[in-house]
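Some notes on the structure that comes next.
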Amino acid sequence: MTSGLGRTGVISTPHGDIATPAFIPVGTKATVKTVVPEAVAELGAQAVLANAYHLYLQPGPGIIDAAGGLGAFMNWPGPTYTDSGGFQVMSLGVGFKKVIEMSAGHAPDDGKIADGKERLANVDDDGVTFKSHLDGSAHRFTPELSMQIQHQLGADIIFAFDELTTLMNTRDYQENSLERTRLWAIRCLAEHNRLSVERSHRPQQSLWGVIQGAQYEDLRRKAARDLAALGARDEAEGGKGFGGFGIGGALEKENLGTIVGWVNSELPQDKPKHLLGISEPDDVFVAIENGVDTFDCVSPTRVARNGAIYTRDGRINITNARFRDDFAPLDAELTNYTSQYSRAYLHHLFRAKEGLGPTLATLHNLSFTIEMVDGARRAIEEGRYEDYRDDFLGRYYAKR
C-alpha cells in the first residue's frame, strides 16, 4: 500500500519477514549496547544491523562464521543486516568518529580531516588502505574482501562496498568517487555471485547496492540509474543482482527529502530501499514519505547512554535536577519494560553512575523509535498517515 512515495511492504529473508517501513536497531559489534537480544525482540524490533568493519577487527569474521553466522553468534533469531565497512573506514579514517562533516557551509576541501586527528584511511581505485582505530595496525579493504567478510558474517542483507564522501569534498572528487563506487559495485556483484555458489550450504544473502552522490541531483540520479542497470543486467545474465538499495553519504538535513526523492524516483519500485544512519523523528517521516522502507541509526541508543530520553512531548535529559523527585514514568503514553520505573529512579541511576540507567534508557528509546515507525506503517495502511505525522511531530517539536 502506498501514500505518495511512502509505502508499506514486506522484505522476506531466510530468518523471517520484515514489515516495512521499519526501524532497524544498530548492534555495532554484534550487540545492541547495554541490552540483551531478547529484550530488543520484545520491544518489536524486526531485525538488527551490525558493522562489518568492527567485526572484522574483533573478533574476526572467521569466528562468527564458525559460530554459524551473526544471528547465531549473538543469539538473535531474526533477520540481520551488515554494512560494508565503508562508513567506518572513511569516518574513522578522517577522524570524525561517529559524525561525518555534514555542513556545506565551508569551502570544499578534499584533504579535510577532523582537528587534531591524523588521516587513517587512503582511497585508491582498487580499495582502501587504513589503520585500525584499536591498535594502529595496517589493513586493506577491497570490494572482494568486503564481500568475503560479509559472507562470513552471514547477515541476510549485506551492502556493496562504496566510497563514502562528505559535503567537504569538491564536485570533481564527487564525480570521480561516484565512478569508483560504480566500478566497485560491479566487482561486489561478481564476488557475491561466486561466494553464493561456493557457500550454498549457508542461507542465501541479499546484496544491496549503495547510492552516493552527495547533494548533487545529477550525480544522485546517475548513481541510482547506474546501479539499477547493473543489478538488472546481472540478473539477466544469471546472477543474483541487487536485492535492494541503500542510500548513503552525507546529507544536509534540509535537503534529505529532496535527495531521497531523486534517488527513489529512479530506482526500481519493486526493490526495497534502506536509508543509512537516520532516526530523528522529523527525518524519519521525511524518509518514509520519499520511499524509504528501512533505516538504521545508533542515535537512540547512544543518546540514551547519556541520559537523553525520547518522549511524545520532546526529548528530555533525565539527569536534570527537575527529575530528582518526579515519580511519573518516562512517557505515560508508551508502555514498555521501562514504564514500571519512575523518572526519579532513572535520574538517581544516572547520577549514581549505575549501569542499569543506560540499560533502561536504551530500552525506552528503542521502544519509542520502533513504535513511532510501526505507527506510521499502520497509518499508511489505514489511510491516515498525514494526520498521524502532523500529530506526532506537532507534539514532539512543540517546545522547539
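The values are calculated or read from the model by the stated rules, or taken from the named source; none is laboratory data. Here the structure is a predicted model, which is why all the values come from computation and not from measurement. All Cβ positions, even for glycine, are placed from backbone atoms using ideal geometry, and neighbour counts span all protein chains on display. With ligands, DNA and RNA removed, areas are computed over all heavy atoms of the protein, side chains included. Shrake-Rupley method; radii C 1.70, N 1.55, O 1.52, S 1.80 Å.
In region 1-54, how many residues are part of a strand (DSSP E or B), hydrophobic (A, V, I, L, M, F, W, C) and under 24 Å from G357 (Cβ atoms)?
Here is the first cut: in region 1-54, the residues part of a strand (DSSP E or B) are 2-3, 6-7, 9-13, 16-20, 22-26, 48-51.
Cutting the leftovers down to hydrophobic (A, V, I, L, M, F, W, C) gives us 10-11, 18-19, 22-24, 26, 48-50.
The next check asks that each one be under 24 Å from G357 (Cβ atoms); those that pass are 23, 26, 48.
Residues in region 1-54 being part of a strand (DSSP E or B), hydrophobic (A, V, I, L, M, F, W, C) and under 24 Å from G357 (Cβ atoms): 3 in total.
Quick one: how many residues across region 181-192 are open to solvent by 30 Å² or more (accessible area, probe 1.4 Å) and either of a type in the set (D, E, K, R) or modelled with pLDDT under 95 (or both)? Break it down stepwise before answering.
Let us first name the residues in region 181-192 that are open to solvent by 30 Å² or more (accessible area, probe 1.4 Å), namely 182-183, 186-187, 190.
Restricting the remaining residues to those that are either of a type in the set (D, E, K, R) or modelled with pLDDT under 95 (or both) gives 182, 187.
Total meeting the criteria: 2.
Being more than 19 Å from T8 (Cα to Cα) and surrounded by fewer than 19 Cβ atoms within 10 Å (Cβ to Cβ) narrows it down to one residue among A228, A232, A224; which is it? Steps first, please.
On the way: A228 fails: surrounded by fewer than 19 Cβ atoms within 10 Å (Cβ to Cβ); A224 fails: surrounded by fewer than 19 Cβ atoms within 10 Å (Cβ to Cβ).
None of the others qualify; the one that does is A232.
What tally of residues in region 196-217 results from selecting those that are more than 20 Å from G62 (Cα to Cα) and assigned to a helix (DSSP H, G or I)?
Residues flagged as more than 20 Å from G62 (Cα to Cα) and assigned to a helix (DSSP H, G or I) within region 196-217 amount to 1.
Please enumerate the residues belonging to region 249-277 that are of a type in the set (A, V, I, L, M, F, W, C) and either free of Cβ contacts under 8 Å to residues at least 24 places away in the same chain or over 25 Å from S367 (Cβ atoms) (or both). It would help to see each step written out before you state the result.
So in region 249-277, the residues of a type in the set (A, V, I, L, M, F, W, C) come out as 250-251, 256, 259-260, 262-263, 267, 275-276.
Across region 249-277, the qualifying residues are A250, L251, I259, V260, W262, V263, L267.
Any chance region 262-284 includes a residue that's touching a Phe, Trp or Tyr at 6+ places or on another chain (Cβ under 6 Å), more than 17 Å from G209 (Cβ to Cβ) and part of a helix (DSSP H, G or I)?
yes
Among the residues of region 233-248, what is the count of those that are in contact (Cβ under 8 Å) with a residue 12 or more places away in the chain and out of contact with any strand residue (DSSP E or B) (no Cβ under 9 Å at 6 or more places or on another chain)? Even if it seems obvious, please write down each step before you answer.
Filtering region 233-248 down to residues in contact (Cβ under 8 Å) with a residue 12 or more places away in the chain leaves 234, 239-248.
Filter once more, keeping what is out of contact with any strand residue (DSSP E or B) (no Cβ under 9 Å at 6 or more places or on another chain): 234, 239.
Within region 233-248, residues that are in contact (Cβ under 8 Å) with a residue 12 or more places away in the chain and out of contact with any strand residue (DSSP E or B) (no Cβ under 9 Å at 6 or more places or on another chain) number 2.
Give the residue that is surrounded by the fewest Cβ atoms within 10 Å (Cβ to Cβ), with candidates limited to residues of region 1-46 that are without any contact (Cβ under 8 Å) to a residue 60 or more places away in the chain and of a type in the set (A, V, I, L, M, F, W, C).
Only one residue tops the list, namely V10.
From the list L178, L195, which residue is aliphatic (A, V, I, L, M), open to solvent by less than 30 Å² (accessible area, probe 1.4 Å) and over 22 Å from the mean Cα position of the chain (by Cα)?
Values: L178 fails: over 22 Å from the mean Cα position of the chain (by Cα).
Every option except L195 fails the conditions.
Here's the yes/no breakdown for (1) part of a helix (DSSP H, G or I); (2) farther than 24 Å from P77 by Cα:
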{"residue": "A155", "(1), (2)": "no, no"}
{"residue": "E179", "(1), (2)": "yes, yes"}
{"residue": "K222", "(1), (2)": "yes, yes"}
{"residue": "L230", "(1), (2)": "yes, yes"}
{"residue": "L251", "(1), (2)": "no, yes"}
{"residue": "I259", "(1), (2)": "yes, yes"}
